Ligand SMILES: NC(=O)c1ccc[n+]([C@@H]2O[C@H](COP(=O)([O-])OP(=O)(O)OC[C@H]3O[C@@H](n4cnc5c(N)ncnc54)[C@H](O)[C@@H]3O)[C@@H](O)[C@H]2O)c1
Ligand SMILES: [Zn+2]
Ligand SMILES: [Zn+2]
């Protein structure tokens, strides 16, 4: 499978550097210009490429034929996720949170047919190594992950994907919900090990998309009291409207993790004079990856409780209170993506167990995908989950270049 599209028509491009996005002309003259995505509307396969400098470009990408066991999808909806700190090793189509419709089946595909609507599990493990054999295929070192170089992502019109890693979605689910199966999968995997239970105090750190899915999933699991933190008051206000029974705590940057934890523990103590360790969060789901938040989470969790770190951050966190965790027998756990979660995620949505639709604050047409990333990194604009949509009726037999 190749992703070597011709890099031309670089009219719609942006360089994303942390939280600032600069729109520049995609050609080499370097003059910033007001970009228009009009050209991309003429593309056969509008595709959003990222390069090692984090420059984003809309390109008319290649249209591939499905090989044995593969299908060609039209991606109808694809969520976006931060790329600020992501290492980009080569030019690649971005995106890994998607749903689409089957346009063409390769040889030997029996589980899908043209017209099936599907959610995309964006990983294809080797199925040969010991981890794959034990079923922990998310840990496979030879995984082909969509949107990580050299494997093409989902922010394009036509994506070839193994039929085995696609799941039919019922008519009741929209493509938007189909794309939300991916962040829900992260939390379905995380919550299994987090020991979240009926009537058990639970803390969620971070009210970004992942923290909000954790909040909805913890509520659906019956956790109570349920507290969520963030440094951003707007995100906490959103969390409160999303799951009204939760309580919110705004992180004060001047307080140390221990001082912050003492304030959060007060909420769980429900105003009682005497501290009651039993009321402290037996489960904490850390969903920021920020070292200060990880340390705060360590000090919040009840003695003998579980801390599930979902967040991804610095490779070394020297301030994690190792002996505090040891002496209190706190179970410090991690997850790396998901395995075997799409079927359950579909049931959760179909059964009304979790409804994540309110998280989608913006929808942007595929041809204007660069704008979606500018919006996401613009600190003056409020967004939670931004979806890139393609409402065109794509050809059943995509034109294949000779
Ligand atoms: N383990 C996995 O497989 C997996 C999968 C997906 C995402 N992630 C990680 O999960 C984390 C959350 O993802 P997201 O998409 O919600 O990211 P996000 O950046 O949109 O959200 C993070 C939230 O944390 C808040 N925050 C920052 N510092 C904080 C602090 N000190 N205390 C409390 N809140 C703080 C931010 O304001 C933001 O609302 C990221 O680190 C991401 O890389 C991990
Ligand atoms: Zn993502
Ligand atoms: Zn493997």
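For this structure, a couple of remarks:
- Gain on full stretching of the segment that runs from residue 234 to residue 272 - 0.36 nm per residue minus C-alpha separation: 10.8 nm
- Against the main long axis of the alpha-carbon atoms of the chain, helix 209-220 sits at an angle near 60°.
- Order of 202, 341 under a 10 Å beta carbon neighbour criterion, fewest first: 341, 202
- Radius ratio Rg over Rh of the range 169-213, counting only Cα atoms, Kirkwood formula for Rh: 1.05
- Note on the range 228-361: Cα-Cα pairs beyond 22 Å make up 46% of the total pair count.
- Sorted by Cβ density within 10 Å, fewest first, the residues 342, 165: 165, 342
- Sorting 276, 60 by the number of Cβ atoms found within 10 Å of their own Cβ, with the fewest placed first, yields 276, 60.
- Debye intensity ratio I(q)/I(0), log10, the range 61-145, q values 0.10, 0.12, 0.21, 0.24 Å⁻¹ (C-alpha model): -0.32, -0.47, -1.22, -1.27
- Mean-position separation - Cα centroids, the range 64-106 and the range 243-285, in angstrom: 40
- Once you reduce the range 111-190 and the range 328-342 to the center of their Cα atoms, the two points are 19 Å from each other.
- Straightening the chain between residue 38 and residue 383 buys 121.8 nm, computed as 0.36 nm per residue apart minus the Cα-Cα spacing.
- Taking the C-alpha atoms only, the angle from helix 257-268 to the longest principal axis of the chain is near 80 degrees.
- Computed over the alpha-carbon atoms, the chain gives an Rg to Rh ratio of 0.99, Rh here being the Kirkwood radius from the mean inverse distance.
- 0 to 90° range, to nearest 10: angle between helix 291-300 axis and the chain longest Cα axis: 40
- Sequence-separation-based contact order of the chain, relative, with Cα cut under 8 Å and 6+ spacing, percent: 17
- With kT/(6 pi eta Rh) evaluated at 20 °C and eta = 1.002 mPa s, and Rh the Kirkwood radius from Cα pairs, the range 162-240 diffuses with a coefficient of 155 µm²/s according to Stokes-Einstein.
- Highest average first, the peptides 279-287, 265-273, 215-223 ordered by how many other beta carbon atoms sit within 10 Å of their residues are 279-287, 215-223, 265-273.
- Helical contribution to [θ] at 222 nm, DSSP H n ≥ 4, -39,500 (n - 2.57), averaged over the chain, rounded to 500: -6500 deg cm²/dmol
- Considering only the chain, percent of DSSP beta bridges that pair antiparallel, nearest 5: 60
Only the coordinates and a few stated rules stand behind these numbers; no lab work does. Since the structure is predicted, the reported quantities are computational estimates derived from the model, not experimental observations. Reconstructed Cβ throughout: ideal geometry from the backbone, glycine too, with neighbour counts over all protein chains shown.
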